[in-house]
Amino acid sequence: MTEDSNYAVTVRGLTKSYGATSVLKGVNFSVRRGEIHALLGGNGAGKSTLIRIITGSASQDGGTIEFRDRADRLRTEAEGRRKVAVVHQELALLPNLTVAENIALPHFSRGFGLFNRKWAIKQAHAALSMIDRSFADASLHWFVGSLSLHEGQMVEIARALASGAELILLDEPTANLTALETERLFSVLRRLTQETGLSVVFVSHRMKEIRQIANTCSIIRDGRTVIDREPMAGLSDTAIIEKMGQLSQAQAQVQERPAADISRAEGHGRLTIRENGLEISLEPGVILGVAGAPAGPQTLIDTLVGAARSKRWTVSHAGWPARFSSPHQAATLGSGFITGDRSHKGVLHSLPIIDNVLASRRIVRGSLFTGARESVECLDLMQALKVKAASIWDLPNTLSGGTQQKLLLARWLGVPSRLLVLEEPTRGVDIGTKKEIYQLIRQMAASGTMIVWWSTENTELLEVCDRVLAFNTDGRCAGVIERQDLTEDKLAELTGMAA
Ligand SMILES: Nc1ncnc2c1ncn2[C@@H]1O[C@H](COP(=O)(O)OP(=O)(O)OP(=O)(O)O)[C@@H](O)[C@H]1O
């Protein structure tokens, strides 16, 4: 056996249905030892379902999964699965426990008799040192709640390593990270794969970073493998997008938008945002981008949607208070909010799709009851955004991550609003759908709605915004750049994200 032929996992002919919906229709997928493998596909293609089956958190209907050890011997499925760990974009860490305790969590849950604290700390230090020795030396007794997202991610990866994982599946791991944090994560992954033979499966919709990190890729489309292990170098972006079935959407030119129809903006005029010494005015129809690490953008967003605790910002706009007293007040006065933080601020997990889609309309209209007209309205919105669901009465967790994101967009689509605040609204959304979202937002702006759009994907800001407010890594305003002066370099320089 050569190292080349050593596969950590091999999946053949995998099938899976949920009720009448056939999700996987014979998927093939294999991951070599020591490789970084991009698993690609549009929203709802079946990537997360495949990952859930590999890790054993969902069962397959048909097909085989084979795990092998470093000496290329077959493992039992149970043994193989113990060597696999998943890191989701929503970190599974307990904020009130320390770094060491979080890394040792799997040992608590497996009930290894008496918990040996000294041993756990040693294990945690060893695992974290593989990633970053100085962070390991400093952080073991810190509470996880005080860590940055990147540090939290390191703790999750360390936990996976401490559990003996030889294959780590990263499900959109950079959706929460800034460019600098992403680059740091990538260098850790490169080093671990080279030095320890760790295998990494990387799921992402961000083409630029897929190229930066992965050497091999597989593509799933509509539950079938359409590319089974090909070197990234041999595939152009166009070929990849075409295989995903998204070429026509992705190539659609974002149309130059017409001048905002200010007459439709209800004559409310401009909005001024102020912070100590800084004043930015938005005219109806303007798209203001917000760039930088979360610390700064978050305070502005919270103010604009009525959720601010600090008094850093004030706004002035006809009929609005200087600070909203609640999100309800903000929504009823015409400040809409679409978040990409689906699990904490967006999706109503225990309510059906229809309630998720119509939530904002009900607040704005002051209505609470579902009538036949609402069902039609919900179906129309879902059709406009190409949301595929078996029924509007299903729970949102029956939808893929990107499809859930579309529900949040549908919530404000067509609701007359003076301002729309977008907080990473394309998180987890596939390449084709992103373009459609850009177009929709531009149309909203053209009807006179002011847009404030925070994104950690600088290319997105360049494509869509009229002007960008940049924050540095300390959360301070670093400058406002007009469209004609916008470049990736300029944004990187002002936000401090040039890795
Ligand atoms: N528990 C469930 N019940 C019914 N359908 C489900 C369930 N889980 C997933 N599905 C369906 O399976 C399909 C594939 O979903 P999956 O989450 O695997 O897609 P994905 O490729 O990971 O998409 P994304 O890029 O949006 O995360 C979707 O159509 C989804 O609606």
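The values are calculated or read from the model by the stated rules, or taken from the named source; none is laboratory data. In this text, all values refer to a predicted model and were calculated from it rather than measured experimentally. Cβ sites come from the backbone with ideal geometry, for glycine too, and all protein chains shown count toward neighbours.
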Of the conditions (1) on the phi < 0 side of the Ramachandran plot; (2) surrounded by fewer than 16 Cβ atoms within 10 Å (Cβ to Cβ); (3) away from the ligand (no atom under 16 Å from the Cβ), the single one that A390 does not satisfy is (3)
*asked:* For segment 412-433, check the following and say yes or no: at least one residue is assigned to a loop (DSSP other than H, G, I, E, B), more than 18 Å from the chain's Cα centre (by Cα) and within 12 Å of the ligand (Cβ to nearest atom).
replied: no
By residue number, the members of segment 382-401 that are assigned to a helix (DSSP H, G or I) and within 10 Å of I354 (Cα to Cα) are M382, P396
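Name the single residue that is farthest from H88 (Cα to Cα) among those in segment 44-61 being more than 6 Å from the ligand (Cβ to nearest atom) and of a type outside the set (A, V, I, L, M, F, W, C).
Among those that are more than 6 Å from the ligand (Cβ to nearest atom) and of a type outside the set (A, V, I, L, M, F, W, C), it is D61.
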Counting only helices (runs of 4 or more DSSP H) entirely within segment 203-279, those with at least 2 residues that are at pLDDT 90 or above and surrounded by 13 or more Cβ atoms within 10 Å (Cβ to Cβ) are 207-213, 237-243
Does I437 count as surrounded by 20 or more Cβ atoms within 10 Å (Cβ to Cβ), free of Cβ contacts under 8 Å to residues at least 60 places away in the same chain, under 27 Å from Q249 (Cβ atoms) and under 21 Å from the mean Cα position of the chain (by Cα)?
-> yes
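Does G346 qualify as being among the small types (G, A, S) and within 22 Å of the chain's Cα centre (by Cα)?
The answer is yes for G346.
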Checked G41, G13 against criteria (on the phi > 0 side of the Ramachandran plot, assigned by TED's automatic domain parsing to the domain that holds L169, surrounded by 12 or more Cβ atoms within 10 Å (Cβ to Cβ) and within 16 Å of the ligand (Cβ to nearest atom)); the one match is G41
Residue hits (segment 480-492; in a strand (DSSP E or B) and surrounded by fewer than 17 Cβ atoms within 10 Å (Cβ to Cβ)) are V480, E482
Contact list, first residue from segment 211-230 and more than 20 Å from T193 (Cβ to Cβ), second anywhere and away from the ligand (no atom under 16 Å from the Cβ), beta-carbon distance below 8 Å, six or more apart or interchain, is I227/L235; D228/S30
Flagged in segment 68-106 as small (G, A, S) and either surrounded by 12 or more Cβ atoms within 10 Å (Cβ to Cβ) or in contact with a strand residue (DSSP E or B) (Cβ under 9 Å, 6 or more places away or on another chain) (or both), in numbering order, are G80, A85, A92, A100, A104
Flagged in segment 16-32 as surrounded by fewer than 22 Cβ atoms within 10 Å (Cβ to Cβ) and either outside the structural domain of D228 (by TED's automatic domain parsing) or over 26 Å from K406 (Cβ atoms) (or both), in numbering order, are G26, N28, S30, R32
If we ask which residues in segment 126-147 are touching a helix residue (DSSP H, G or I) at 6+ places or on another chain (Cβ under 9 Å) and surrounded by fewer than 16 Cβ atoms within 10 Å (Cβ to Cβ), their number turns out to be 6
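From the list I227, I213, which one is of a type in the set (A, V, I, L, M) and within 15 Å of the ligand (Cβ to nearest atom)? Give the derivation first.
Values: I213 fails: within 15 Å of the ligand (Cβ to nearest atom).
Just one listed residue meets the conditions, I227.
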Do we have any residue at all in segment 379-387 that's out of contact with any helix residue (DSSP H, G or I) (no Cβ under 7 Å at 6 or more places or on another chain), touching a residue at least 40 places away in the same chain (Cβ under 8 Å), away from the ligand (no atom under 16 Å from the Cβ) and outside the structural domain of A239 (by TED's automatic domain parsing)?
no
Checked segment 186-201 for anything in contact with a helix residue (DSSP H, G or I) (Cβ under 6 Å, 6 or more places away or on another chain) and within 27 Å of K435 (Cβ to Cβ); matches are F186
Selection from segment 158-180 of residues part of a helix (DSSP H, G or I) and over 25 Å from N43 (Cα atoms) yields A158, R159, A160, L161, A162, L180
The condition from (1) farther than 26 Å from L39 by Cα; (2) touching a residue at least 12 places away in the same chain (Cβ under 8 Å) that K406 misses is numbered (1)
Is it the case that some residue within segment 341-356 is in contact with a strand residue (DSSP E or B) (Cβ under 9 Å, 6 or more places away or on another chain), on the phi < 0 side of the Ramachandran plot and either polar (S, T, N, Q) or within 13 Å of the ligand (Cβ to nearest atom) (or both)? no
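Out of the residues in segment 434-467 that are more than 23 Å from A179 (Cβ to Cβ) and part of a helix (DSSP H, G or I), which is nearest to the ligand (Cβ to nearest atom)? Full working, then the answer.
Keep residues of segment 434-467 that are more than 23 Å from A179 (Cβ to Cβ), which gives 436, 439-440, 442-450.
Filter once more, keeping what is part of a helix (DSSP H, G or I): 436, 439-440, 442-446.
Details: E436: 14, Q439: 19, L440: 18, R442: 23, Q443: 23, M444: 23, A445: 26, A446: 28 Å.
Per the criteria, the residue is E436.
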